[in-house]
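Below you'll find the structure, written out as structure tokens, and then a few comments.
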Amino acid sequence: MIEKKVWFITGTSRGMGVDFAKTALAAGHAVVATGRNPDSVANALGQVDNLLIVKLDVTNLAEAQAAVQAAVDHFGRIDVLVNNASNFYGGYFEELTQAQIEQQLETGLLGPMNVTRAVLPVMRQQRFGHIVSISSGAGLMGFEFNSAYCAAKFGLEGWMEALQPEVAPFGIHTTIVNPGFFRTEFLTQQSTSYAEPSIQDYAQRQSAQQSWYESQHGQQSGDPAKLAQALVLIAGQQPPPLRFIAGADAINVAEQKVQNLQKQINAYRDLSISMSLE
């Protein structure tokens, strides 16, 4: 028999968030499902027991605090936070506008920070909790046409790794999840925007990159239902992993990153060591 937990999940109107919420509910947990449009969340999840739907735009700290308070008022605690809400601004750095870059960072980095800032006082008082942040293969390695997205995900990873030793003394665990390509609505116009072509030097590659990303919708190899099941399994482990690489394609990215880093270390090892004062 599983221990019933209270899950607080962002971005549950579509995509992975729907699978996360449904799987946690099916496993007997309680779920606080959040989204910018509560009606869309309700349409995606239906009316079931142990479900509380709350309005939340993760870029708004006041809304995050209000949503957390509503969760505590209803269920009494929060055991698992899943920072899932995300979007994607594709494009070459020079062609992305400052507003697009800021919006990418607000949703992908500052949003999870806002929600976690609101949840942490609850978990500290409880002296237990689990913070899960959904990153990406693009949080491990930089990719062409992903400069803004990688900036958000690299930032998310650095923040989460630094947060871990800060909150561990309070019984709070952290997990970074790096999914590969999963078959969700992530590459639809509801979640993805592209830079307007504006620089001739990028024109040919920009067209090819955007066409490739548009062609990937519905072709992704990852099953979000299986990722949701893995997440529920991980959340039940003591202790949970600090990182979970989700998907064979994500493992390939992680292993390539390790190889690249080791190669760069070895190439200049003697020069690096020579930096010491003698």
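Among Leu140, Leu45, Leu261, the largest mean-square fluctuation in a Gaussian network model of the chain, built with springs joining Cα atoms closer than 10 Å, belongs to Leu261.
Which order do peptides 128-139, 67-78, 197-208 fall in by mean Cβ count within 10 Å, highest first? Display every interim value, and only then the final one.
Details: 128-139: 24.2, 67-78: 17.8, 197-208: 12.6.
Going by the mean number of other Cβ atoms within 10 Å, highest first, we get 128-139, 67-78, 197-208.
For the stretch 98-189, what number results from the quotient of the Cα radius of gyration and 2.2 N^0.38 Å? Kindly include the intermediate steps, with their values, before the conclusion.
Details: Rg = 14.3 Å, N = 92, 2.2 N^0.38 = 12.3 Å.
Output field value: 1.17.
Backbone amide hydrogens, once placed in the peptide plane, bring Ile245 within less than 5 Å of Asn178, excluding anything fewer than 5 places away on its chain. For the stretch 96-189, applying the loop criterion from DSSP together with a ceiling of 15 other beta carbons within 10 Å to the trypsin sites (Lys or Arg not before Pro) yields Arg127. Neighbour counting of Cβ atoms within 10 Å sorts the residues Trp7, Trp212, fewest neighbours leading, into Trp212, Trp7.
Think of the chain as a dipole: +1 on every Lys or Arg Cβ, -1 on every Asp or Glu Cβ, centred on the Cα centre; then among Ala66, Gly139, Ala195, Ala66 lies furthest on the positive end.
Peptides 13-25, 50-62 ranked from most to least packed by the mean count of surrounding Cβ atoms within 10 Å: 13-25, 50-62. Between Thr12, Thr175, Thr192, where does the largest GNM mean-square fluctuation fall for the chain, given springs only between Cα atoms within less than 10 Å? Among Thr12, Thr175, Thr192, the largest mean-square fluctuation in the Gaussian network model of the chain belongs to Thr192. Computed FRET efficiency, Cβ-Cβ of Asp49 and Ser193, R0 45 Å: what is it to the nearest 0.05? Efficiency at R0 = 45 Å is approximately 0.75. Got the relative contact order for the chain handy, in percent, Cα pairs under 8 Å and 6 or more residues apart? With pairs under 8 Å counted, the relative contact order is 19 percent. Once you order the gyration tensor axes a ≥ b ≥ c over the Cα atoms, which shape class does the chain get: rounded for a/c under 1.5, otherwise prolate or oblate by comparing a/b with b/c? Oblate, since a/c reaches 1.5 and b/c is not below a/b. The label-point distance for Ile273 and Arg243, in a model that sets each label 7 Å from Cα toward Cβ, rounds to 2.5 nm.
I'd like the orientation of helix 16-26 relative to the chain: the angle between its Cα long axis and the longest Cα principal axis, in ° from 0 to 90, rounded to 10. Taking the Cα atoms of the chain, the angle to 16-26 is about 30 degrees. I need the calculated FRET efficiency for the pair Arg124 and Gln200, taking r as the beta carbon distance and R₀ as 45 Å, to the nearest 0.05. With R0 = 45 Å, the Cβ-Cβ based efficiency is 0.25.
Here Ile265 and Glu161 are evaluated by their C-beta separation; at R0 = 25 Å the FRET efficiency comes out at 0.85.
Any read-out appearing in this document is the output of simple, stated calculations on the displayed coordinates, not a laboratory observation. Only a predicted model underlies this, so the values are computations on that prediction, with no experimental measurement involved. Cβ coordinates were reconstructed from backbone atoms using ideal geometry, including for glycine residues, and neighbour counts include every protein chain displayed.
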